[in-house]
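To start, the structure under review is shown below, and the notes come after it.
The values are calculated or read from the model by the stated rules, or taken from the named source; none is laboratory data. Nothing here was measured: the structure is a model prediction, and the numbers come from that model. Counting neighbours? That spans all protein chains shown, and the Cβs are built from the backbone with ideal geometry, glycine included.
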Amino acid sequence: MILLVVQALNGLQLGLLLFLIAAGLTLVFGVMNFINLAHGVQYMLGAYLGVAFFALTGSFWLALVLASLAAGLVGLALEALVFRRLYARSHLDQVLATFGVILALNEAVRTLWGAAPLQMPMPELLAGSFPLMEGLRYPVYRIALIVAGLVVAALLAWAVNGTRAGMLVRAGASNAEMVNALGVNIGRMFMFVFTIAAMLAGFAGVMAAPLVAVEPGMGDNLLILAFVVIVIGGIGAIRGAFVAALLVGLVDTLGRSLVTDALRAVLGAAAAAQVGPAIASMLIYLVMAGILAIRPRGLFPATSAA
């Protein structure tokens, strides 16, 4: 029971981290029909900028704010200098160009900060652990990350569903041509969406920095999971990204910890140790295939809900 509770909390934490990345990615893909493989690099930049601003200010909270804003500015610059020229191009061109951005930015951080992994200290306020139940203590910072993810999700849901800008973004995800025909400045809306998406990814990077090694390429694996999230949730749908991110986080975390244990009862310890990790790594893709077989457009496609 203790193992199950701990892994469920870890899965919830991973899911909310994925949501922060996937929310911006699904808006960019849904509103602009633009495939941005470089979105994971913006998560990496957020982590590196967090480390840099912490070194300058000595404050985690100030570093969190400054790094998130700086990540948004980097996203805005990339949109103006690179991505804007790709909107009318094919998806293959977008994939190739944004993959080039990944390589360029990975080399840039390697040049500026070196290839050795960096670490960002936890804020003193959130250091330590507290008891969840008898025999189980859980880190305060991980609980804070879960709470922060839920708060950002609530604010994003309000912004998308309760403001005029959010209404335009939802309309653009459903029918960008119609929004353009109504006189909305699509170029300005694209800039706004890219900036918000980069800020969310940067925020996720800073929040994850005390828990993981900050190193070049750290966003690549999460980008793959984020694409799984937006496919399961429905392209352009914030609610779908939230539900799918929690599902992927829980399935991935619980699968990696429980599948091998379950197989030991059937295959024996040696065989389970070989087969279990392979099956666990496939679980989220099996879940994705099963959901798409029933709902080919995802759980909450943008045309039905945002």
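Does LEU286 qualify as being under 22 Å from LEU4 (Cβ atoms) and modelled with pLDDT of 85 or more? Explain how you work it out, then say what you get.
On the way: under 22 Å from LEU4 (Cβ atoms): yes; modelled with pLDDT of 85 or more: yes.
So LEU286 fits the description; yes.
For every residue, the table says whether it meets (1) within 30 Å of MET167 (Cβ to Cβ); (2) touching a helix residue (DSSP H, G or I) at 6+ places or on another chain (Cβ under 8 Å).
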| site | (1), (2) |
| --- | --- |
| VAL5 | no, no |
| GLN13 | no, yes |
| ASN33 | yes, yes |
| ALA38 | yes, yes |
| GLY72 | yes, yes |
| VAL82 | yes, yes |
| ALA88 | yes, no |
| HIS91 | yes, no |
| GLY100 | no, no |
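Among the residues of the range 86-102, those identified as more than 22 Å from the chain's Cα centre (by Cα) and either within 17 Å of PHE194 (Cβ to Cβ) or crowded, with 18+ Cβ neighbours inside 10 Å (or both) are LEU86, TYR87, ALA88, ARG89.
Pairing each residue of the range 280-299 that is at positive phi with any residue that is surrounded by 13 or more Cβ atoms within 10 Å (Cβ to Cβ) and not in a loop (DSSP other than H, G, I, E, B), provided the two are 6+ apart or on different chains, yields C-beta distances under 8 Å for GLY298/ILE230; GLY298/VAL231; GLY298/ILE232; GLY298/GLY233; GLY298/GLY240; GLY298/ALA244; GLY298/ILE291; GLY298/LEU292.
Taken as a whole, the range 20-32 holds no residue that is outside any helix (DSSP H, G or I) and either in contact (Cβ under 8 Å) with a residue 24 or more places away in the chain or over 22 Å from ALA213 (Cβ atoms) (or both). For the range 257-282, residues that are of a type in the set (Val, Ile, Thr) and under 22 Å from LEU9 (Cβ atoms) total 2. Restricting the search to helices (runs of 4 or more DSSP H) fully inside the range 35-129 and requiring at least 3 residues that are closer than 14 Å to ALA209 by Cα and modelled with pLDDT of 90 or more gives 39-57, 60-81. Which numbered condition trips up PHE192, out of (1) more than 15 Å from the chain's Cα centre (by Cα); (2) at pLDDT 85 or above; (3) aromatic (Phe, Trp, Tyr)? Only one criterion in (1) more than 15 Å from the chain's Cα centre (by Cα); (2) at pLDDT 85 or above; (3) aromatic (Phe, Trp, Tyr) is unmet by PHE192, namely (2). One residue stands out among those in the range 237-284 that are under 23 Å from the mean Cα position of the chain (by Cα) and of a type in the set (S, T, N, Q): the one that is surrounded by the fewest Cβ atoms within 10 Å (Cβ to Cβ), which is SER281. Cβ-Cβ below 9 Å, separation at least six or inter-chain, first residue in the range 212-237 and within 15 Å of ILE291 (Cβ to Cβ) and in a strand (DSSP E or B), second modelled with pLDDT of 85 or more and of a type in the set (A, V, I, L, M): which pairs? Cβ pairs passing all conditions: none.
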